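Working notes for the structure below.
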């Protein structure tokens, strides 16, 4: 996977890289409409995990619209909430981008019969550079202080930690898996996770829980000392962060068996297990021309380059399931 550090120069370089590639992508999409051809009409509606908001709204969607000619509307939310809204008929997106396939498979076979994993990310701990603990965060991020100190620090009374609801959001569960793996790897006391979380793992009433769409801005505003985050969010939003080793960051396919040892039982008595963090995409309902074009563009060499520059690890694009439109199948296998 891509190895990144917390230095601001890396974050700025990555952000500038995203912008440059987006500009180039706008002029060299996989199937840009020619000036002599009829301009495509229609709009693709994309429901996506909130961690993809910056990339979708500011990079991928504008490049897609310029290259392919279709309009775009996006809806961000926790993957679990989006799944529930689709299943209930409350929302009707054409495309669904989820962190983890376990929010897509419950929609099968009524709404979709396939999905494509295409990018991976990993967990970090983002922090507020104006926090009273900022110097300690920086020392841990740079390696001057051991990473083990981070978990002791997060137990400090009055420490303001932000995370998302593990019952509906993959990032909320991933953060807890990370803490469980750290507790085991660093031989921390057996109550470390619950002390950091301030109570039961699956509590929905914890004061630490924020909507995924607002968590980053809450951290940036100074209301929190630290928060859960994917490394891609930290890069794109200029958030200082503490990188985590592959043994606990849920970003390495080679460590899948180890990640699976971390578990949480969420609302309804459903047990979830840790796994490498993967972004999956599918079309919901009858494929429209705009939806096919969006997924095709996302999985094209040009589209994937936007994700790579944003800090994502690119995965072999192989469909899981059946019924993938032929136009999209032509982009698979890269």
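Residue-level check: of (1) in a loop (DSSP other than H, G, I, E, B); (2) touching a helix residue (DSSP H, G or I) at 6+ places or on another chain (Cβ under 7 Å); (3) in contact (Cβ under 8 Å) with a residue 12 or more places away in the chain, residue 145 misses just (3). Evaluated against (1) over 23 Å from residue 317 (Cα atoms); (2) touching a strand residue (DSSP E or B) at 6+ places or on another chain (Cβ under 8 Å); (3) at pLDDT 95 or above, residue 115 falls short on exactly one condition, (1). For the range 78-87, the tally of residues that are within 15 Å of residue 115 (Cα to Cα) and surrounded by fewer than 24 Cβ atoms within 10 Å (Cβ to Cβ) stands at 1. Pairs meeting the criteria (first residue in the range 190-204 and on the phi > 0 side of the Ramachandran plot, second residue outside any helix (DSSP H, G or I), beta carbons under 7 Å, at least 6 apart or on different chains) are 198/206; 198/208; 199/206. Taken over the range 196-225, the criterion of being out of contact with any strand residue (DSSP E or B) (no Cβ under 6 Å at 6 or more places or on another chain), in a helix (DSSP H, G or I) and buried (at least 19 other Cβ atoms within 10 Å of the Cβ) is satisfied by 196, 197, 212, 216. When residue 286 is tested against (1) in contact (Cβ under 8 Å) with a residue 12 or more places away in the chain; (2) within 30 Å of residue 43 (Cβ to Cβ), only condition (1) is not met.
Any idea which of (1) more than 30 Å from residue 84 (Cα to Cα); (2) in a loop (DSSP other than H, G, I, E, B); (3) free of Cβ contacts under 8 Å to residues at least 12 places away in the same chain is the one residue 159 doesn't satisfy? Going through the list (1) more than 30 Å from residue 84 (Cα to Cα); (2) in a loop (DSSP other than H, G, I, E, B); (3) free of Cβ contacts under 8 Å to residues at least 12 places away in the same chain, residue 159 breaks only (3).
Here is a yes/no grid of residues against (1) part of a loop (DSSP other than H, G, I, E, B); (2) closer than 30 Å to residue 134 by Cα; (3) touching a residue at least 24 places away in the same chain (Cβ under 8 Å):
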{"position": "248", "(1), (2), (3)": "no, yes, yes"}
{"position": "256", "(1), (2), (3)": "no, no, no"}
{"position": "268", "(1), (2), (3)": "yes, no, no"}
{"position": "275", "(1), (2), (3)": "yes, no, yes"}
{"position": "280", "(1), (2), (3)": "no, no, yes"}
{"position": "302", "(1), (2), (3)": "no, no, yes"}
{"position": "318", "(1), (2), (3)": "yes, no, yes"}
{"position": "324", "(1), (2), (3)": "yes, no, yes"}
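Of 97, 90, all but one fail to be outside the structural domain of residue 266 (by TED's automatic domain parsing), buried (at least 16 other Cβ atoms within 10 Å of the Cβ), at pLDDT 95 or above and touching a helix residue (DSSP H, G or I) at 6+ places or on another chain (Cβ under 9 Å); the exception is 97.
The values are calculated or read from the model by the stated rules, or taken from the named source; none is laboratory data. The shown structure was predicted, so the numbers you read here are calculated from the model rather than taken from an experiment. When we count neighbours, we look across all protein chains shown, and the Cβ atoms used for this are built from the backbone with ideal geometry, even at glycine.
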